[in-house]
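The block underneath contains the structure these notes are about, expressed in structure tokens.
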Amino acid sequence: MPNHTINFVTIETNTNVDEEIQALEELKNDLRIKEGKFDFEGIVPMPEEIKKGATLGLDMETGEKIEHKDYALDGGVYKPKSPLTRKRLMVEYGCDNWYDFSNLHWGTKWNAYEFESIQDEEHVLFVSFLTAWDSPREIVEKIKTYCNQHNLHLDWTAEHEGEDGIEQIA
């Protein structure tokens, strides 16, 4: 399994009509392209209750362990201490911590990083970014569905670190 995957994503209008242009602009906004990101949370937001566990651990300035009254380290990730809360999160989201949520709903453990906007115009978006281990296949499927609904063309390829060739994702 590679450590990093380089994703190349092109989304463009098919006929350049106003509806397609508007749909592409809305998708760019959801992904926070203008903020220099390709943010999976614009497609599948991580619930705050789950996201909070990702911010616990070590204080970056002091290196001291941060304890929280409502969360405990369990299996290498912070989860709510309350069994009822954990059960509710499992029912609602299929998981009770950031790591499992990311893998289940995004297809990779972290959000996109090292984002580069190669072409961002009214009719086309071409970007690249890295992901951990693999392309965010669940995000790809959501974007693919959106593109099909709004007559946008999606091309998504990936290069996996340490492997030869390019994989066509969508």
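Please give the calculated 222 nm ellipticity per residue for the chain, where each DSSP H segment of at least 4 residues contributes -39500 (n - 2.57) and the sum is spread over every residue; nearest 500 deg cm²/dmol?
Mean residue ellipticity, 222 nm, calculated: -7500 deg cm²/dmol.
What is the magnitude of the charge dipole of the chain about its Cα centre, with +1 placed on the Cβ of each Lys and Arg, -1 on the Cβ of each Asp and Glu, and no other charges, expressed in debye to the nearest 20?
On the way: 17 positive and 35 negative charges, 213 e Å.
That gives a dipole near 1020 debye.
Per the 1.4 Å probe, what fraction of the accessible area of the chain, in percent, lies on carbon and sulfur atoms?
Details: 4690 of 9570 Å².
In the chain, the share of accessible area belonging to carbon and sulfur is 49 percent.
Compute the acute angle (0 to 90°) between the alpha-carbon long axis of helix 137-149 and the principal axis of greatest extent of the alpha-carbon atoms of the chain; round to the nearest 10°.
It works out to around 40 degrees.
Say the dipole of the chain comes from +1 at the beta carbon of Lys and Arg and -1 at that of Asp and Glu; which of Gly36, Thr157, Ala132 then lies farthest toward its positive end?
Ala132
Ignoring ligands, DNA and RNA, how do Asp96, Asp18 rank by accessible area with a 1.4 Å probe, largest first?
Solvent-accessible surface, decreasing: Asp18, Asp96.
If I take the Cα coordinates of region 62-110 and project them onto the principal axes, what are the three extents in Å, biggest first?
Its Cα atoms span 33, 26, 14 Å along the three principal axes.
Distance from a point 7 Å along Cα→Cβ of Val17 to each backbone N in region 143-165: keep the residues under 18 Å and list them by number.
It comes to 146-154, nothing else.
Per residue, how much accessible surface does the chain expose to a 1.4 Å probe? Answer in Å², no decimals.
Values: 9570 Å² over 170 residues.
Accessible surface, normalised per residue, equals 56 Å².
For Glu138, tell me the accessible area in Å² from a 1.4 Å probe, rounded to the nearest 10.
Surface accessible to solvent at Glu138 totals approximately 80 Å².
Compute from the Cα atoms of the chain the Rg and the Dmax, the latter being the longest Cα-Cα distance, and quote both in angstrom.
So, for the chain, Rg and Dmax equal 18.1, 56 Å respectively.
How would Thr157, Thr145 rank on accessible area, largest to smallest, probe 1.4 Å?
The ranking, largest first, comes out as Thr145, Thr157.
Compute the distance in nm between two label points, each set 7 Å from the Cα along the Cα-to-Cβ direction, one at Asn148 and one at Leu104.
Label at Asn148, label at Leu104, 2.4 nm between them.
What is the gain in length, in nm to one decimal, between His4 and Glu25 on full extension, counting 0.36 nm per residue of separation less the C-alpha to C-alpha distance? It would help to have the intermediate numbers written out before the result.
Numbers: separation 21, 0.36 × 21 = 7.56 nm, distance 2.83 nm.
Length gained between His4 and Glu25: 4.7 nm.
Compute the long axis of helix 83-93 from its Cα atoms, compare it with the longest principal axis of the Cα atoms of the chain, and write down the angle in degrees, 0 to 90, nearest 10.
10
Quote the FRET efficiency, to the nearest 0.05, computed for Val124 versus Lys69 with a Förster distance R0 of 45 Å and r equal to the Cβ-Cβ distance.
With R0 = 45 Å, the Cβ-Cβ based efficiency is 0.35.
Remind me, relative contact order of the chain in percent, using alpha carbon pairs under 8 angstrom and six or more residues apart? Mind dumping the intermediate values first?
Working: 302 pairs, mean separation 61.6, N = 170.
Worked out over the chain, it gives 36 percent.
The values are calculated or read from the model by the stated rules, or taken from the named source; none is laboratory data. This is a predicted model, so every value here is computed, not measured. Note that each Cβ is placed from the backbone with ideal geometry, even for glycine, and that neighbours are counted across all protein chains shown. SASA here: full protein model, heavy atoms, side chains in, ligands and nucleic acids out. Shrake-Rupley method; radii C 1.70, N 1.55, O 1.52, S 1.80 Å.
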